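Student: Dropping a structure here in C-alpha cells format, bear with me for questions.
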Ligand SMILES: Cc1ncc(C[n+]2csc(CCOP(=O)(O)OP(=O)(O)O)c2C)c(N)n1
C-alpha cells in the first residue's frame, strides 16, 4: 500500500510523460521535430516499473519508455536537448532520441537493433550477483522484438545463471504494422518463460498499480534468489509506430476500446473514487506542467545545434587508455609455445586482477576445445571461468553489461568462425557505445582463427576483415608467443573492445623464450622482423611464419626483403609501414585471408594515395583465392593458400 502522498506523486509521474509527448506531437505537426515514437497509452508500464525500483537498479528502456526517464528524474533540460538532437544532449548530437545511456541515472538506453539490450541487462545483473549487491536489472522489449534471437538468448542465459533480472514485454498488439497473430504462435508471450525454466507473469499494463505492485513483489523474490522473471504487460499502441506511418491497418474499434482503458484515466478515477485526490489536484498538476515544461521545451528548441570538427569526432571513437604499461622483463624466461604464452597471460591476469573473468563454451572443466583454460576453474572457480550455453550474441552482450559495471570480461569464441552469430553485438553495441555516449566497453574477444588444419569452410576462416571496417573496434593478431602474451595483456587492459585473433595452427607449432611475468606490448605498433633493402613484405599472423620460412629457405633474399609483422590490424601501423616503403620502394602484402576486400586492400590503397611517388613497382597483394576455405587438405594447401605462390610474387616484384 502506498501513502496518499505517494499516490499523488505517482499520478504526477504518470501524467508527466503524457504531457511532454503531447507537446512533442504538436511540435511534430509544426515541423519542428522530425520523428516521434509515441508511448501514449503505455505510460503505466514505464512509470509503474521505475517507481517500484530503487535508484541503483538498472533500467534498459526502449523507444516507448519516456516514462522511465521522467520517473528517474533524468535532467529534463539535457533530456530535451537529446530528444531534439542538440549539442547539450546526452550524445552531443551523435545519436538520436532515446539512444543513449546515463550511468548516473542507471539507465542504459537502446540501440535501433531490437532486443540487443536484453543480453546487456544480463551482464549488469551478473555484476550485481558476483558482488553480492542487492540490485536488479530490468530490460524492456516490445512484442515484435520477442521474435529476435537476442530475446531468446538473453532469457536462456539469465535462467541458466539465475540472474537478478526482469524482462518486461510490452505487448501492445503490433510490431511496426504486424499484428501479434503474425508474430508468434503461442497463446501468450509469457508462455515462453516456462520453456526457459523461469517464472512468467502476465499483468494489465494499463493499470499502474498492478505494474508497481508486481515489480515490487518480483524484485523482492529475485533478491531472495528466485532467478529471473518474464513479465508480459498487456497494453495497446494507440498511435502509429511512429507518427508518419499512421494507423490505417489498426481496426478503429480496437483503438476506441483501448482508449477507454487509458492508464491515466483509470488511475485518476481510482484516486478520485478512493478520495485520495480531488479533481482540482489534477488541474493543479496540469498547470504545473504547463508552467514548467513548455518553457523548458521552447528554450531547448533554440539551444545550440551540434557542431564539431573531423579531429574531434575521430578522437571520440576510442577511449584513451590510462592503464600503466608494464614493460617486458626478460630476467626469467621460459621456452613457450604460442598456446602456453596465451594461457600464461590469462592465468596471471586472472590471478592479479579480480575484475577479469572468462566466458566461453566448454571452457571450465573441459578447458576449452584448445585446452587453453585447462585447470583455470580449479584455481578461479566457476564464477570467473564461466561455461556458457551455446550462445555467442547473448554472451557478447552480457560481456558488455559486465564491462559497464567495471569488469574486464574476456569471451572465448570456440572458433573465430562462430563470431558471425555475434556480429550485431560486436559491430553495433561494443563498437559504437563509446562514440555515442562515452561509455567505454572493455571487452576482449579471443578468436581461434585461420586454416591449414583441414577443418573446412566453417572452422578455418580468416574473418578479421569483416571487422576491419568498423570504427570503435581494435583488431590484434600476433604471430609469435612473445607478442601473443604482451598483446593479450594490452587487449584485456585496453578500455575499448578488442578482437584478439589467435591462429590455431600456431598454437602448438611455434615456440620461443618468453618472459615469465606479464608485460604489455602496445596495440597499434607493428614490428620490422627482418631488415631488407629492396622490398617491404607486409604481413601478419601465419603470413609472418611463411615469410620467415621463405627467407630461411632462400637465403639470397635475406637482405633484400624487409618483413613487417603488423601485429595490430586496427589501427594498423601506418607510420612504420610508410617509413619502410620509403626505403625499399616496393611492396608485397601477404595474408592468409582471401584477397577481395581484405585488409591488404586498404593498406594498398593508402600506400598509393599517400606515398605513391616512392614506389618503383605496382603494389602486389598475395592472399588466398576468393573461395570458401576448402575441406580437402590438398586443395587447401596447394590451391587455396597463397604460400606456394610466394616465391613467384617475390621474384616478380624484385625483377620489376
Ligand atoms: C533488428 C531490427 N529489425 C527491424 C527493425 C525495424 N523496426 C523498428 S521498430 C519495429 C517494430 C517493433 O515492434 P515491437 O517490438 O512490438 O515494439 P513496438 O514498436 O510495438 O513498441 C521494427 C520492425 C529494427 N529496429 N531492428
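The numbers here are math on the coordinates, done by the rules we state, and not lab data. Quick caveat: nothing in here was measured; it's all calculated off a predicted structure. Neighbour counts run over all protein chains shown; Cβ positions are idealised from the backbone, glycine included.
Student: Take each of the peptides 136-149, 233-246, 78-91, average the number of other beta-carbon atoms within 10 Å over its residues, and list them starting from the highest.
Tutor: 136-149, 78-91, 233-246
Student: Under 1.5 on a/c is rounded, so check that first for segment 293-442, then, if it is not, pick prolate when a/b is larger than b/c and oblate when it is not; a ≥ b ≥ c are the square roots of the alpha carbon gyration tensor eigenvalues.
Tutor: prolate
Student: What is segment 532-622 by shape, rounded, prolate or oblate, if you read a ≥ b ≥ c off the alpha carbon gyration tensor as root eigenvalues and call it rounded for a/c under 1.5, prolate for a/b larger than b/c, and oblate otherwise?
Tutor: oblate
Student: How far is the Cα center of segment 323-351 from the Cα center of segment 176-193, in Å?
Tutor: Value for the Cα centre distance between the two parts: 51 Å.
Student: Find the centroid of the Cα atoms in segment 363-427 and in segment 529-555, then give the distance between the two in whole Å.
Tutor: Spelled out, the Cα-based centre of one part sits 34 Å from the other.
Student: Work the Kirkwood hydrodynamic radius out for the chain: mean of 1/r over every pair of different alpha-carbon atoms, inverted, in Å.
Tutor: Taking the inverse mean of 1/r over all distinct Cα pairs, the chain comes out at 27.1 Å.
Student: Cα centroids of segment 602-621 and segment 45-74: how far apart, whole angstrom?
Tutor: 54 Å
Student: Going by C-beta contacts inside 10 Å, put 261, 275, 474 in order with the fewest on the left.
Tutor: 275, 261, 474
Student: Another question, then. Among 248-254, 282-288, 556-562, how do they line up by average Cβ neighbours within 10 Å per residue, starting with the highest?
Tutor: 556-562, 282-288, 248-254
Student: Counting other beta carbons within 10 Å of each Cβ, put 655, 464, 495 in order, fewest first.
Tutor: 655, 495, 464
Student: Something else about it: Could you work out the pair-distance distribution P(r) of segment 416-569 from its alpha-carbon pairs, with 5 angstrom bin width and percents rounded to whole numbers?
Tutor: Whole-percent P(r) values from 0 Å outward: 2, 9, 17, 19, 19, 15, 11, 5, 3, 1, 0.
Student: Let me ask something else about it. If packing is taken as the mean number of other Cβ atoms within 10 Å per residue, what is the order of 577-589, 189-201, 328-340, highest first?
Tutor: 577-589, 189-201, 328-340
Student: Cα gyration tensor of segment 17-84, axes a ≥ b ≥ c as square roots of the eigenvalues: rounded (a/c below 1.5), prolate (a/b > b/c) or oblate?
Tutor: prolate
Student: Based on the alpha carbon coordinates of segment 221-364, what radius of gyration and maximum Cα-Cα distance (Dmax) apply, in Å?
Tutor: According to the Cα coordinates of segment 221-364, Rg and Dmax are 29.7, 82 Å.
Student: Based on other C-beta atoms within 10 Å, arrange 267, 37 from fewest to most.
Tutor: 37, 267
Student: Can you tell me what the convex hull of the Cα atoms of segment 38-164 projects to on average, as an area in nm²?
Tutor: About 7.7 nm², averaged over all directions.
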